[in-house]
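Structure, as structure tokens:
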Amino acid sequence: MKINIFGMAIICLLITACGGSDSGGGTAPTLPAPTPEPSDPENPPVAYNAVDSLKAHAEFPIGMEVSAADQERSIFTLTSQQSVLTYHFNELVAGLIMKMSYLHPQQDTFYFDDADALVDYALANNMRMHGHTTIWYWDSQIPEWIKSFEGDWNSMMHNHVYQIVNHFAGRVNSWDVVNEAVDYNWQTAQAGYRNDLFYQNMGASFIENAYVSAREGDPQAELYYNDFHLSYNNGKLDFIIAMLNDFIDRDIPIDGLGFQMHITMESPSREQMDAAFQKAAATGLKIKISELDIAINQRGPDYTGGVWYPEQVLTIALARQQKQRYKDVVASYLENVPPDQRGGITVWGLVDEETWMRAVANSDWEWPLLFNDDYTVKPAFYGFLEALTGQ
Ligand code: XIL
């Protein structure tokens, strides 16, 4: 199956998805290649297997987002990634190939071969598999047939979610059943349901129906609601928590809340993270950091300033600041989410070269992840590990 890369669209995704009406376009020019990443003697860039394994120091899943099938950085073609994955991680999630348009390309056709190969790989290597995602509003991920669908939306969406979750029953441990269904209007400071295709056709009921369908498809899988900006946008977090508490009160199946955490060097603050994790954990649900990356060059809370501040070199000073940010995120999670509610921490990409943030910025000047391109560890890696080991 051919994978579409939709780089430029991602810019719009982030800018609109991140709620900034003041973005002013935000498209950065194409910039020259970055200089090599620095070598910090205090955080030596040694090989991935010359340091402790992350997963060995966590009682909860440590996950990684991967490409698969015939994607450019598929773990099946760029096989050198596999030993890094199995050394440090015990959960995988697909960045693209388990989204709606891939798994359900035609009303009567589901396509599972590529996802099955990935799930089989995870299971064969003693990793958990997290499914992402049965419903997401993003235009290019909604199959064309759904966009023009005119029949009974309730039964159509039930079938969509049920068939997918049921196909992987017993093999995919957890699902982002619905992704990003809540919106926040920065002008009015109001959170509400996103006015997406599903909402337009079914109202808010599409969300709870999806969880009922997913539970029917696999009674054992843990069902998450997943969204962004939860670690600092109180209005959005409160709205989502109210929605999930209502599900709990009415016995709508829900097991967890995923904090994406595509964050920046400035935002959220440690205090904001602490408060958000505490509030979310008070629901009793599992809390997962589902898509962690920490951008160096996207500034402000949500990359919406319309101004780019390209750091052309990842200096040792910047890399150490990023290390501290990773350490804060992991430490905040450990401090504020009780052990039996920890759904895990997943990093959104292995090496800086593959980050989706480079497509967002249309620039190679971005280094948001834990590993250098040659699989040596960055200061950021030490920050993650030090927080896990309580240093
Ligand atoms: C992104 C992937 O990283 C890209 O490779 C893909 O082209 C588009 O989607 N929030 C989500 C993820 O829930 O699915 C998005 O992943 C990043 C934002």
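The values are calculated or read from the model by the stated rules, or taken from the named source; none is laboratory data. Note that the coordinates shown come from a computational prediction; the quantities given were computed from them, not determined experimentally. Backbone-built Cβ (ideal geometry, glycine too); neighbour counts: all protein chains shown. All accessible areas refer to the heavy atoms of the entire protein, side chains included, with ligands and DNA or RNA removed. Shrake-Rupley method; radii C 1.70, N 1.55, O 1.52, S 1.80 Å.
The table that follows gives values for the structure above.
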| item | result |
| --- | --- |
| Flag if Gln298 is at pLDDT below 75, within 11 Å of Trp367 (Cα to Cα), within 16 Å of the ligand (Cβ to nearest atom) and touching a Phe, Trp or Tyr at 6+ places or on another chain (Cβ under 9 Å) | yes |
| Any hit, region 100-107, residues being open to solvent by 20 Å² or more (accessible area, probe 1.4 Å) and within 14 Å of the ligand (Cβ to nearest atom) | yes |
| Search result, residues across region 106-140 that are in a loop (DSSP other than H, G, I, E, B) and either without any contact (Cβ under 8 Å) to a residue 40 or more places away in the chain or among the polar types (S, T, N, Q) (or both) | Gln107, Asp108, Asn125, Asn126 |
| Hey, Asn336 open to solvent by 10 Å² or more (accessible area, probe 1.4 Å), more than 16 Å from the ligand (Cβ to nearest atom) and touching a Phe, Trp or Tyr at 6+ places or on another chain (Cβ under 8 Å) or not | yes |
| Candidates Glu354, Glu386 - the one that is open to solvent by 20 Å² or more (accessible area, probe 1.4 Å), within 22 Å of Ala94 (Cα to Cα) and not hydrophobic (A, V, I, L, M, F, W, C) | Glu354 |
| Check on Tyr102, part of a loop (DSSP other than H, G, I, E, B) and under 17 Å from His167 (Cβ atoms) | no |
| Wholly within region 168-273, strands (runs of 3 or more DSSP E) carrying at least 3 residues that are within 16 Å of the ligand (Cβ to nearest atom) and over 30 Å from Trp367 (Cβ atoms) | 174-179 |
| Among (1) surrounded by fewer than 22 Cβ atoms within 10 Å (Cβ to Cβ); (2) closer than 17 Å to Arg128 by Cα; (3) among the acidic types (Asp, Glu), the one test that Asp52 misses | (2) |
| Qualifying residue in region 207-223 (condition: over 30 Å from Ile146 (Cα atoms), in contact with a strand residue (DSSP E or B) (Cβ under 8 Å, 6 or more places away or on another chain) and open to solvent by less than 10 Å² (accessible area, probe 1.4 Å)) | no |
